[in-house]
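The values are calculated or read from the model by the stated rules, or taken from the named source; none is laboratory data. Predicted model, so just to flag it, every value in this text is computed and none were measured. With ideal geometry, Cβ positions are generated from the backbone for all residues, glycine too; neighbour counts draw on all protein chains shown.
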Amino acid sequence: MATRIIPDGDKPSVAVEISLEKPIADYDIQQTDHPTSRHVDAVLVSQGFRDLVDDTRGVLLEILNEPEKSPEETEITDLDLTPAPPSPFEIAQLTGAICTGEDEVYRPGLWIVLEDRHAPPGKPLAPAVVDRVKRVAATLVERMDLA
């Protein structure tokens, strides 16, 4: 699974590109490698791919709103009834993408743009925030079984 994280240099947002490199039977995506970008267009407009985008949005919202656990936390912890603060991230865009592979093939993929609502406008995201986005993307790929 090829996942690229592309932070914007002049605003508090980051793009995430997730290339689909294996068939996903649950969404009727049988073939991922295509010789031209035109062939990928047919996948991006299919009902199965639209369902994938819809499901991805729901899972991504869950991930973004989960409190991030520190590395020393375990599954068995003290009960904390304090509600987690809302995620600073907003999904600015979630759509299909035509991804180019290193092997000169074209693949369908997901293009996600996240904006940090709490960051100052006109400034790039802090490295720690970009690292959080990397963890969010990895969790998304795992939960959606895209790898």
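Counting only residues that are loosely packed, with under 13 Cβ neighbours inside 10 Å and either more than 14 Å from P12 (Cα to Cα) or free of Cβ contacts under 8 Å to residues at least 60 places away in the same chain (or both), how many does the range 119-141 have?
4
Considering the range 104-128 alone, what residues qualify as being part of a loop (DSSP other than H, G, I, E, B) and under 26 Å from R50 (Cα atoms)? Steps first, please.
Taking the range 104-128 first, the residues part of a loop (DSSP other than H, G, I, E, B) are 104-105, 117-126.
Matches in the range 104-128: E104, V105.
If you go through the range 60-76 one residue at a time, do you hit one that is of a type outside the set (G, A, S), under 23 Å from R117 (Cα atoms), in a loop (DSSP other than H, G, I, E, B) and modelled with pLDDT of 95 or more?
As a first pass, look at the range 60-76 and keep what is of a type outside the set (G, A, S): 60-69, 71-76.
So of that shortlist, the ones also under 23 Å from R117 (Cα atoms) come out as 60-69.
With the extra rule that they be in a loop (DSSP other than H, G, I, E, B), the set shrinks to 66-69.
Checking the rest, the ones that are also modelled with pLDDT of 95 or more come to none.
No - not one qualifying residue is present in the range 60-76.
Take the conditions of a type outside the set (V, I, T) and modelled with pLDDT of 95 or more and apply them to G122. Does it pass? First the steps, then the outcome.
On the way: of a type outside the set (V, I, T): yes; modelled with pLDDT of 95 or more: no.
When the stated conditions are applied, G122 does not pass them.
Out of the residues in the range 19-54 meeting the condition of being touching a Lys or Arg at 6+ places or on another chain (Cβ under 8 Å) and part of a strand (DSSP E or B), tell me which one is surrounded by the fewest Cβ atoms within 10 Å (Cβ to Cβ). So that I can check it myself, show each step before the final result.
Taking the range 19-54 and keeping what is touching a Lys or Arg at 6+ places or on another chain (Cβ under 8 Å), we get 19-21, 32-34, 40.
Next, only the ones that are part of a strand (DSSP E or B) stay: 19, 34.
Values: S19: 20, H34: 18.
Here the residue is H34.
Among the residues in the range 1-9, are any closer than 27 Å to R132 by Cβ, assigned to a loop (DSSP other than H, G, I, E, B), at pLDDT below 95 and hydrophobic (A, V, I, L, M, F, W, C)?
So far as the range 1-9 goes, yes, one or more of its residues are closer than 27 Å to R132 by Cβ, assigned to a loop (DSSP other than H, G, I, E, B), at pLDDT below 95 and hydrophobic (A, V, I, L, M, F, W, C).
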